[in-house]
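The block underneath contains the structure these notes are about, expressed in structure tokens.
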Amino acid sequence: MPYGSRLAAMMTRRIGRECVYTPSARLALYLALRRWCRPGGRVLMSPVNDDVILFVVLAAGLRPVQAPVSQWDGNIDPAAVPDSTWRDIDAVLTTNLYGLPDRVVELRRRCDQLGIPLIEDVAHAIGTHVDGRPIGTFGTAAAFSLSKHVAAMAGGFLAVDGTRARRELELLRDDLLTPRRLRDDLATTLRPLARSTVRTLRLVRPAWRTMQRLGLLERDDFRMALHAPRLAGSARHAPSLAAYEPWVRVDLHGFRSRHGALVRGQLELRMALLDGDLARRRAGVSLLSGTTWATPALRERTSQEGPPSLFRVPLLVHDRDALVERLVDHGVVAGYIYDPPLDDYAGAEFVEPSPSPAAARWFAAHTLPADPLVARRVIGALTKEKATPAHPPMTAQLPEPDPDPTTTPPTPLGQ
């Protein structure tokens, strides 16, 4: 029986596609890029994304091409991508940032016209739907994460079409897995329980401050250290996951460790709780979307379709960086901030910069990702801190594209 087949079967029943179980979404994404992209290919992606994803793309031997994004959600704006860029790319990688869907119908149409794969990163969007279909069913392949939901902190899937593709990917995965160690399995099993205990006992602030003082956080800022000379040297070995492992493993050292029965059993139990988790997220999104810090697009979508089950709710605030630090004193740790955009972070040596970076820079600098599971605590903290909502520059400077049929158009500013 293939490794992780019971978990894969659970995910297959949920979305209706063949699934390969992986220890992490980043490994699933690497498998997809290696399977459907030739080394040296150019991959269109949003610059408002986790730096780990950038390094996964580089590890696959590919050139990241940064796309213009929507100022309303940080996802790729297909209408703003120049024709010359469309003609010169070999794949498209979505983000579905914080669970807000990419414009997948338009992106799929473009990819079909060009004969290139659409790879969906669904790490944030396991509960997101477009046109009645779950995100993760539009692309050639889709990488899911369990570590982002039900507090699993491990586990992922790669969803594909066809038994043959699944079997090929299982073989490629098995070659990349590192041996199971009991100590690692115990740590992976206990880590979610420890985090839950910290939250229940309201120890977030002292625990976080202690980790900061002891230097136990792998990032000193929102982005990890680039180590450019070392990174450039790794390119000589690409495609190679091992060559880029110092970057790809940050925040999840066991991203390709073979999970034993203990971890897989816990993940099966947590997957059974997923629908309840998504329902609680929708309740939190409902509260947060009614605040003055919510984006007009989210408020409009919630009022018309009901609240989506987002992983994080992107709130737009002034003086975001200082506010993030002060929120810790209220027991609110804001993670998943992707600032600066990847082209500013990595530079032209490692990525092709966006032709129009203003929207990405503004969105990345003003977005405060709020956990909907602690919505009331977030609202209370922001209210006490007198957080000021931020509004994008005038639409004359940052034009909003024609409404996409997969998303609800935002309410114009001032209305």
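Return yes or no: is T94 of a type in the set (S, T, N, Q), touching a residue at least 60 places away in the same chain (Cβ under 8 Å), in contact with a helix residue (DSSP H, G or I) (Cβ under 8 Å, 6 or more places away or on another chain) and open to solvent by less than 10 Å² (accessible area, probe 1.4 Å)?
Values: of a type in the set (S, T, N, Q): yes; touching a residue at least 60 places away in the same chain (Cβ under 8 Å): no; in contact with a helix residue (DSSP H, G or I) (Cβ under 8 Å, 6 or more places away or on another chain): yes; open to solvent by less than 10 Å² (accessible area, probe 1.4 Å): yes.
Judged against the criteria, T94 is not a match.
Can you list residue pairs whose Cβ atoms sit under 8 Å apart, with the first residue in the range 148-159 being of a type in the set (V, I, T) and the second being in a loop (DSSP other than H, G, I, E, B)? Count only pairs 6 or more apart in sequence or on different chains.
Listed by first residue and then by second, the contacts come to V150/L273.
Under 6 Å between Cβ atoms, at least 6 apart or on separate chains: pull out the pairs that start in the range 343-358 with a residue that is closer than 15 Å to L44 by Cα and end on any residue that is of a type in the set (S, T, Y) and buried (at least 16 other Cβ atoms within 10 Å of the Cβ).
Every condition considered, the pairs that remain are D343/S354.
Could you identify the single residue in A359, A375 that is within 22 Å of A80 (Cα to Cα), touching a Leu at 6+ places or on another chain (Cβ under 6 Å) and open to solvent by less than 20 Å² (accessible area, probe 1.4 Å)? Quick ask: steps written out before the conclusion?
Details: A375 fails: within 22 Å of A80 (Cα to Cα).
Result of the check over A359, A375: A359.
Just for the range 374-409: of the residues that are of a type in the set (S, T, N, Q) and part of a loop (DSSP other than H, G, I, E, B), which one is modelled with the highest pLDDT? Break it down stepwise before answering.
Initially, the range 374-409 is screened for residues of a type in the set (S, T, N, Q), giving 383, 388, 395, 397, 406-408.
Pick out the ones that are also part of a loop (DSSP other than H, G, I, E, B) and you get 388, 395, 397, 406-408.
Values: T388: 97, T395: 48, Q397: 41, T406: 40, T407: 39, T408: 37.
Once the filter is applied, the top-ranked residue is T388.
List, please: which pairs have Cβ atoms under 7 Å, are six or more places apart or on different chains, and start with a residue in the range 320-339 that is among the small types (G, A, S) and end with one that is buried (at least 16 other Cβ atoms within 10 Å of the Cβ) and in a helix (DSSP H, G or I)?
G331/V204; G331/R205; G331/R377; A334/V324; A334/L327
Report, by residue number, each residue of the range 127-164 that is open to solvent by less than 10 Å² (accessible area, probe 1.4 Å), of a type in the set (A, V, I, L, M, F, W, C) and either assigned to a loop (DSSP other than H, G, I, E, B) or in contact with a strand residue (DSSP E or B) (Cβ under 7 Å, 6 or more places away or on another chain) (or both).
Looking only at the range 127-164, we keep the residues that are open to solvent by less than 10 Å² (accessible area, probe 1.4 Å), and these are 128, 130, 135-136, 139, 141-146, 149, 152, 154-160.
Next, only the ones that are of a type in the set (A, V, I, L, M, F, W, C) stay: 130, 135, 141-144, 146, 152, 154, 157-160.
Across the range 127-164, the qualifying residues are I135, A141, A142, A143, F144, L146, A152, A154, F157, L158, A159, V160.
Restricting the first residue to the range 286-309 and requiring it to be of a type in the set (K, R), which pairs with a second residue that is modelled with pLDDT under 90 meet a Cβ separation below 6 Å and a spacing of at least six or different chains?
Between residues of the range 286-309 that are of a type in the set (K, R) and residues that are modelled with pLDDT under 90, the close pairs are R301/T408.
Collect the residues in the range 21-37 that are open to solvent by 10 Å² or more (accessible area, probe 1.4 Å) and farther than 15 Å from V65 by Cβ, keeping them in residue-number order. If you could, list the steps in order and put the result at the bottom.
Of the range 21-37, the ones open to solvent by 10 Å² or more (accessible area, probe 1.4 Å) are 25-26, 34-37.
Correct list: A25, R26, R34, R35, W36.
Residue by residue, here is whether (1) touching a Lys or Arg at 6+ places or on another chain (Cβ under 9 Å); (2) closer than 28 Å to G162 by Cα; (3) of a type in the set (G, A, S) holds:
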site	(1), (2), (3)
L7	yes, yes, no
M11	yes, yes, no
A28	yes, yes, yes
A32	no, yes, yes
C37	no, yes, no
N49	no, no, no
V57	yes, yes, no
S70	yes, no, yes
A80	no, no, yes
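Among the residues of the range 303-323, write down those that are within 18 Å of A364 (Cα to Cα) and either open to solvent by 10 Å² or more (accessible area, probe 1.4 Å) or modelled with pLDDT under 95 (or both).
Of everything in the range 303-323, those that are within 18 Å of A364 (Cα to Cα) and either open to solvent by 10 Å² or more (accessible area, probe 1.4 Å) or modelled with pLDDT under 95 (or both) turn out to be R312, H318, D319, D321, A322.
Could you run through the range 240-275 and say how many residues are in a loop (DSSP other than H, G, I, E, B) and open to solvent by 20 Å² or more (accessible area, probe 1.4 Å)? Give the derivation first.
At the first step, the residues of the range 240-275 found to be in a loop (DSSP other than H, G, I, E, B) are 240-244, 249-256, 258-260, 272-273.
Filter once more, keeping what is open to solvent by 20 Å² or more (accessible area, probe 1.4 Å): 240, 242-243, 249, 251-254, 256, 258, 272-273.
Going through the range 240-275 one residue at a time, the tally reaches 12.
Among the residues of the range 279-302, which ones are surrounded by fewer than 16 Cβ atoms within 10 Å (Cβ to Cβ) and more than 22 Å from F363 (Cα to Cα)?
Scanning the range 279-302 gives A279, R280, A283.
Which members of the range 69-90 meet the condition of being within 25 Å of W247 (Cα to Cα) and part of a loop (DSSP other than H, G, I, E, B)?
Within the range 69-90, G74, N75, I89, D90 qualify.
The values are calculated or read from the model by the stated rules, or taken from the named source; none is laboratory data. Keep in mind that what you see is a predicted model, and the values were worked out from it rather than measured. Reconstructed Cβ throughout: ideal geometry from the backbone, glycine too, with neighbour counts over all protein chains shown. Side chains included, ligands, DNA and RNA excluded: accessible areas come from the protein's heavy atoms. Shrake-Rupley method; radii C 1.70, N 1.55, O 1.52, S 1.80 Å.
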